[in-house]
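First up is the structure itself, then whatever we jot down about it.
The values are calculated or read from the model by the stated rules, or taken from the named source; none is laboratory data. Since the model is a prediction, treat every value here as computed from it, not as a measurement. Cβ sites come from the backbone with ideal geometry, for glycine too, and all protein chains shown count toward neighbours.
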Amino acid sequence: MVAKIAVLAGSTRKGSFNGRLAALGAERLRAHGAEVTEIDLRDYDLPIYCQDTESDAFPAAALALKSVLRAQQGLLIATPEHNGSISSLLKNAIDWASRPTDGESPVALSAYRGKVAAIMSASVSPFGGLRALIQLRQTLGTVQLLLLPEQVSVPFADRAFDAEGKFAEPLPATLLDQMTARLARTAEALSG
């Protein structure tokens, strides 16, 4: 069975470094035989999570995002680092997709439980978004995703990519290729 893996970036900025990183990750996953669904969070008009909003009328965009995630066996997420943490855009999307729908129990976590994830970050800082990756690892573990131990951190992102959006140096390309290969294999094993 071919692994189905969603790839998303926690940034919607034009020219986003994490958008470039997500695109490279999707390319490598396809090379490793995965069926990839690229998620652009601009396509989901998500209100800021509030339980009152959830109770009154679960937003259609949140339900659509959750539906896409439920159909996957794995996730590849690229997060920017905003003040030492993940972007509010990404956290909000994770929160909405974690909520129970269709009579699920409050701890069903059907968009995440039993799936595998890999995480990565690109940042202009010399730390490559490491603080955000720590926060993202904690958040994704809480929603019951199995996280690969490896992660990709791309420092000095303003000069890490060439004009075609590829890595300017071989090391991050090698690390991304190894991580996506493991993600594809693990997602396939979990789906079987």
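Within the stretch 1-30, the set of residues being under 15 Å from residue 179 (Cα atoms) and not in a strand (DSSP E or B) comprises 3, 21, 22, 23, 24, 25, 26, 27, 28, 29, 30. With respect to the conditions (1) at positive phi; (2) touching a residue at least 60 places away in the same chain (Cβ under 8 Å), residue 10 lacks only one, and its number is (1).
Whether any residue in the stretch 96-108 is modelled with pLDDT of 95 or more, under 16 Å from residue 9 (Cβ atoms), assigned to a helix (DSSP H, G or I) and touching a strand residue (DSSP E or B) at 6+ places or on another chain (Cβ under 9 Å) is what I want to check. Checking the stretch 96-108: not a single residue is modelled with pLDDT of 95 or more, under 16 Å from residue 9 (Cβ atoms), assigned to a helix (DSSP H, G or I) and touching a strand residue (DSSP E or B) at 6+ places or on another chain (Cβ under 9 Å).
Residue-wise test of (1) basic (Lys, Arg); (2) under 14 Å from the mean Cα position of the chain (by Cα).
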position	(1), (2)
65	no, yes
95	no, yes
99	yes, no
105	no, no
116	no, yes
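If you go through the stretch 42-65 and pick out every residue that is modelled with pLDDT under 95, surrounded by 10 or more Cβ atoms within 10 Å (Cβ to Cβ), in a helix (DSSP H, G or I) and not hydroxyl-bearing (Ser, Thr, Tyr), you end up with 1. One residue alone among 181, 187 is at pLDDT 95 or above and either closer than 24 Å to residue 64 by Cα or in contact with a Cys (Cβ under 8 Å, 6 or more places away or on another chain) (or both), and that residue is 187. Return a yes/no flag: does the stretch 137-144 have any residue that is crowded, with 16+ Cβ neighbours inside 10 Å, without any contact (Cβ under 8 Å) to a residue 60 or more places away in the chain and part of a helix (DSSP H, G or I). Yes, because at least one residue in the stretch 137-144 is crowded, with 16+ Cβ neighbours inside 10 Å, without any contact (Cβ under 8 Å) to a residue 60 or more places away in the chain and part of a helix (DSSP H, G or I).
The single condition among (1) in a loop (DSSP other than H, G, I, E, B); (2) within 13 Å of the chain's Cα centre (by Cα) that residue 33 does not satisfy is (2). Scanning the stretch 145-161 for residues that are of a type in the set (S, T, N, Q) and either surrounded by fewer than 16 Cβ atoms within 10 Å (Cβ to Cβ) or over 27 Å from residue 108 (Cα atoms) (or both) gives a single hit, 153. Here residue 76 qualifies as assigned to a strand (DSSP E or B), of a type outside the set (Val, Ile, Thr), within 14 Å of the chain's Cα centre (by Cα) and crowded, with 17+ Cβ neighbours inside 10 Å.
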